[in-house]
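Worksheet for the structure shown next.
Derivation of every value follows stated rules applied to the coordinates shown; laboratory data play no part. This one's a predicted model, so the numbers in the text were calculated from it and none came from an experiment. Note that we place each Cβ from the backbone using ideal geometry, even for glycine, and neighbour counts take in every protein chain shown.
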């Protein structure tokens, strides 16, 4: 089985932990839980007929990009860059964070996840923001940790990108690596 490390990256309160909990445990908790440091969850999946063991690193969010520990991403095969659709500033900071990650670690497969699709009537992100995301060359999905909408698709989409982008070079495999 191929092992892959993926990281959850974004500012505080965007829903990184809730997305992981929904994906790994099929649960959602209304209470806000602050992540301190890094919390690691595991999930075994099959993507494109390839068994993959995911180590999902849920990293603490920060208001300041300079405080986000890019070093936690070392060895990662890819990352989910999470944005709160109700906070435009989280998109601005996420795009800054992506640039910082690429500057320090080079390009990694990633997926931009705009969380809180169940609150779309409260979103601050608009058509101009979607155009900017497109121009930045970001693959993105709208998801909801609360309802579960598109959560699995985001993780599977990232895993598929990792596997098709030659991501096997990043990560480890047990046994033969055909």
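Points to keep in mind about this one:
- Net length available on complete extension from residue 126 to residue 41 is 27.3 nm, with 0.36 nm assigned per residue and the Cα-Cα distance removed.
- Model label points for residue 28 and residue 135, set 7 angstrom from Cα along the Cα-to-Cβ axis, are 3.3 nm apart.
- Each residue in 2, 40 was given a count of other beta-carbon atoms within 10 angstrom of its own, and listing them fewest first yields 40, 2.
- Each peptide in 104-117, 124-137, 6-19 gets a packing score, the mean of other Cβ atoms within 10 Å over its residues, and the list from highest to lowest is 6-19, 104-117, 124-137.
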